[in-house]
Amino acid sequence: AQSVTQPDIHITVSEGASLELRCNYSYGATPYLFWYVQSPGQGLQLLLKYFSGDTLVQGIKGFEAEFKRSQSSFNLRKPSVHWSDAAEYFCAVGPNSGGYQKVTFGTGTKLQVIP
Amino acid sequence: DVKVTQSSRYLVKRTGEKVFLECVQDMDHENMFWYRQDPGLGLRLIYFSYDVKMKEKGDIPEGYSVSREKKERFSLILESASTNQTSMYLCASSVSGSIREQYFGPGTRLTVT
């Protein structure tokens with residue numbers, strides 16, 4: 001069965017500093033991978049996704065993520081964090097096959113940005 | 001822009017009440033989902049539907065049922081609300097076929113007292 005691990009429950013960074021949020025997945029083949037962001041009191045918004053091809057994926061709001069098959073990781077990065085990036089971030093994995101298959105979400109990483 | 005709306009942002013109900021949570025999407029998506037979100041547990045799938053009148057159980061269907069009479073609307077029903085169903089409920093939709101990104105509504109925070 002597929003699974004996702006986000007080892008950091010809470011991260012605090014200074015505004016302007018770089019950010020890396022970790023995500024490790026378990027799946028037998030190349031999965032579909034997603035990062036979502038949830039601002040306080042809001043639903044989830046897709047930041048970026050990986051299906052195939054280039055392993056470095058660019059997303060919205062200046063985020064990027066790198067798929068590393070050898071490490072079963074899909075870490076999210078941003079070179080310079082803004083105060084508005086304070087939110088909760090969810091990594092998700094889904095099987096790379098036809099038809100509907102379930103997407104599994106991680107438990108989330110809450111990002112705090114300090115001035 | 002895809003829009004997924006949920007009927008209430010906040011809801012307070014009493015134990016034993018029947019509760020309806022409504023979700024509407026405007027992008028003609030075939031798939032619709034109900035999740036509950038709890039701190040430290042992430043999102044857990046309750047039910048999903050891949051077509052009108054079709055439904056599949058997710059990971060935690062106990063105590064819930066769903067209804068999809070029209071393509072754009074997916075309802076979550078708590079037959080007899082209990083305090084352990086106090087949670088944030090998120091609705092989502094996606095196009096049919098293989099995995100595609102899901103579009104989420106703003107959520108309904110349900111408190112059962």
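Numerical summary
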item: Solvent exposure of the stretch B:37-86 as accessible area per residue, Å², 1.4 Å probe; result: 52 Å²
item: Chain B, relative contact order [Cα under 8 Å, separation at least 6], %; result: 36 percent
item: Between the stretch B:6-54 and the stretch A:15-82, the Cα center-to-center distance that results, in Å; result: 25 Å
item: Selected from A:62, A:43, A:94 as most flexible by GNM, with chain A as the system and alpha-carbon contacts under 10 Å; result: A:43
item: Qualifying lysines (Cα of each under 16 Å from Cα of residue A:110; at least 8 residues distant if same chain); result: A:78
item: log10 of Debye I(q)/I(0), alpha-carbon scatterers only, for the protein assembly as shown at 0.12 Å⁻¹; result: -0.65
item: Chain A - percent relative contact order, Cα under 8 Å, separation 6 or more; result: 37 percent
item: Loss of accessible area when B meets A, both sides summed, Å² nearest 100, probe 1.4 Å; result: 1800 Å²
item: Cα shape, chain A, gyration tensor, a/c 1.5 rule; result: prolate
item: Radius 10 Å from Cβ of residue A:76, net charge of other residues (Lys, Arg +1; Asp, Glu -1); result: 0
item: Charge tally in the Cβ shell below 10 Å around residue B:74, where Lys, Arg are +1 and Asp, Glu are -1, residue B:74 excluded; result: +2
item: Environment charge of residue B:51, counting only residues whose C-beta is closer than 11 Å and scoring Lys/Arg +1, Asp/Glu -1; result: +2
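The values are calculated or read from the model by the stated rules, or taken from the named source; none is laboratory data. Note that the structure is predicted; figures quoted are calculated from it, not measured. Backbone-built Cβ (ideal geometry, glycine too); neighbour counts: all protein chains shown. Ligands, DNA and RNA are excluded from the accessible area calculation, which covers all protein heavy atoms including side chains. Shrake-Rupley method; radii C 1.70, N 1.55, O 1.52, S 1.80 Å.
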